[in-house]
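The values are calculated or read from the model by the stated rules, or taken from the named source; none is laboratory data. Note that the structure is predicted; figures quoted are calculated from it, not measured. Every residue, glycine among them, receives a Cβ derived from its backbone with ideal geometry; neighbour counts consider all protein chains shown. For the accessible areas, the whole protein counts, side chains as well, though only heavy atoms, and no ligand, DNA or RNA atoms are used. Shrake-Rupley method; radii C 1.70, N 1.55, O 1.52, S 1.80 Å.
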Amino acid sequence: MYSFTNDYSEGAHPRILEALVQTNNQQTAGYGTDQYCKAASDKLKELIDKQDVDVHFIPGGTHTNLILISSALKAHQAVMAVDSGHIFVHETGAIEATGHKVLTRPHNNGKLSLEMIESMMAEHTDEHMVQPKMVYISQTTEFGTVYTLQEIKEISAYCKEHDLFFFIDGARLGSALVVEGAPSLKEMAMYSDAFYIGGTKMGALFGECLVLVNDELKKDFRYHIKQKGAMFAKGRLLGVQFLTLFNDDLYFEIGKYENNVAKILRDGLVNAGYSFYVDSPSNQLFPILPNQLIKKLESEFSFNIMDKIDENHTVIRLVTSFATPASKAHQFVELL
């Protein structure tokens, strides 16, 4: 049985494990103040060609989202997202638990459009309701789709015009960065107030790299990290991993690899005559398959069962990772 269930089933990329082993017996300062976290931060600033950002390494994605959002918003303010957004669906009400409402609109291929943001703003006009203050999107989306540079620019311009924070969840950012037409790391820093570079789903053992661009978000941020239980004592383990990911374009290499393996699956499904719930160019695929075929595929592979289309057809999710052998993708296509 081989799993296409997610992109964090395996441990870590061999180069990351090697770096962790090589530094294992070194004594370093704790809580992200070590030389590896500094070196990873410096390397990232070089990659985005921007020195005036704050970089924080946080153990997980839910921690990253709830700390950033709760620290940025006042008690009466809310964050806007799509109804498939990770902060709305898959974080056990973490944002609401910090006292902030998540306003949503039905997604369009996983994406939040400018029109959706405008409609939410138009509905919240006075002090008798929450005040929208932040726009949240993820790159890639929960449906594997990718915002284009033009889409990011449009949302960014609207946020600046209406005094909104623009926050981008990059749990699978590596998969998006190598898609043609998507914004680069440098452009992410140009057009957002904050974004994070995912590690957990991009070949690291764990960890996310949060980049604060807007000066309003920077003050006392380490206090928020500590208070929310995310200040990792052995912070150098995060620094070592991200320094490895940022060196020699490994992060981009991983993104290209998992997308290429996903393409083997995508081409096989297309050639077999099957369609997709959404057209995803990344490492997440959402084919619509007959229920009887799904049962046969489950004899050799595991994957997520998503939405029921009708009595006889269902959407499944296939996900590839840094460690997915191309041979397993070919095996899936052969069985299909």
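Once the C-beta distance of N214 and Q26 is scaled by a Förster radius of 30 Å, the resulting FRET efficiency is 0.30 to the nearest 0.05. The orientation-averaged shadow of the Cα convex hull for segment 218-336, equal to a quarter of the hull surface, comes to 10.9 nm².
Legend: calculated FRET efficiency, Q331 to K226, from the Cβ-Cβ distance at R0 = 56 Å, rounded to 0.05, equals 0.75. For a straight C-alpha distance cut-off of 14 angstrom, the aspartates and glutamates reachable from K50 (same-chain residues fewer than eight places away being disregarded) are D42, E187, D193, D215.
The charge dipole of the chain, taken about its Cα centre with unit charges on the Cβ of Lys, Arg, Asp and Glu (plus for the first two, minus for the last two), comes to roughly 840 debye.
Residues whose amide H lies under 5 Å from that of F301, counting only those 5 or more places away or on a different chain, are Y2; hydrogens are built 1.01 Å from N in the peptide plane. Using a 10 angstrom cutoff on alpha carbons, build the Gaussian network for the chain and name the most mobile of G170, G203, G30. Of G170, G203, G30, the most mobile in the Gaussian network model is G30. Computed extension length for T92-F206: 39.1 nm, one decimal, from 0.36 nm per residue of separation with the Cα-Cα distance subtracted. An oblate overall shape is assigned to segment 180-257, the ratio a/c of its alpha-carbon gyration tensor axes (a ≥ b ≥ c) being 1.5 or greater and a/b not exceeding b/c. Of all aspartates and glutamates in the structure, those lying under 13 Å Cα to Cα from K38, and not within fewer than 8 positions of it along the same chain, are E46, D54.
Sort the chain into rounded, prolate or oblate with this rule: let a ≥ b ≥ c be the square roots of the eigenvalues of the Cα gyration tensor; rounded if a/c is under 1.5, and if a/c is not under 1.5, prolate when a/b is larger than b/c, oblate otherwise. It is oblate, given that a/c is not under 1.5 and a/b is not larger than b/c. Excluding same-chain neighbours fewer than eight residues apart, the aspartates and glutamates reachable from K101 by a Cα-Cα span under 16 Å are D83, E91, E123, D126, E127.
In order along segment 97-109, the Karplus-derived 3J(HN,Hα) couplings, from 6.51 cos²θ - 1.76 cosθ + 1.60 at θ = phi - 60°, round to 5, 8, x, 10, 6, 9, 8, 9, 9, x, 5, 10, 6 Hz, and Gly and Pro are given as x. Per residue, the accessible area of segment 2-113 comes to 46 Å², computed with a 1.4 Å probe over protein heavy atoms only. Once the chain from L114 to K263 is taken as fully extended at 0.36 nm per residue, the excess over their C-alpha distance is 50.7 nm.
Have a look at S302, Y223, L210 and report the one farthest towards the positive end of the charge dipole of segment 190-305, computed about the Cα centre with Cβ charges (Lys/Arg +1, Asp/Glu -1). It is Y223, whose Cα lies furthest towards the positive end. Taking all protein chains as they are arranged and a probe of 1.4 Å, the heavy atoms of C37 leave approximately 10 Å² accessible to solvent.
On segment 196-336, 49 percent of the accessible area sits on carbon and sulfur atoms, based on a 1.4 Å probe. Normalised by 2.2 N^0.38 Å, where N is the number of residues, the C-alpha radius of gyration of segment 72-121 stands at 1.12. Modelled this way, with points 7 Å down the Cα-to-C-beta line, the labels at H313 and H128 are 4.6 nm from one another. Residues considered: Q26, Q139, Q150. Largest GNM mean-square fluctuation over the chain, using C-alpha springs under 10 Å, is found at Q26. Surface composition of segment 33-192: carbon plus sulfur atoms contribute 49% of the solvent-accessible area (1.4 Å probe, protein chains only, all chains present).
Once both labels are positioned 7 Å from their Cα atoms along Cα-to-Cβ, the gap between K295 and Y158 label points is 4.5 nm. Among the listed pairs K153/K186; K201/K295; K296/K328; K201/K256; K45/K218, those with a Cα-Cα distance over 18 Å are K201/K295.
Extending 7 Å from the Cα toward the beta-carbon at both H76 and Q51 defines two label points whose distance is 4.1 nm. Normalised per residue, the accessible area of segment 209-322 is 47 Å², obtained with a 1.4 Å probe and no contribution from ligands, DNA or RNA.
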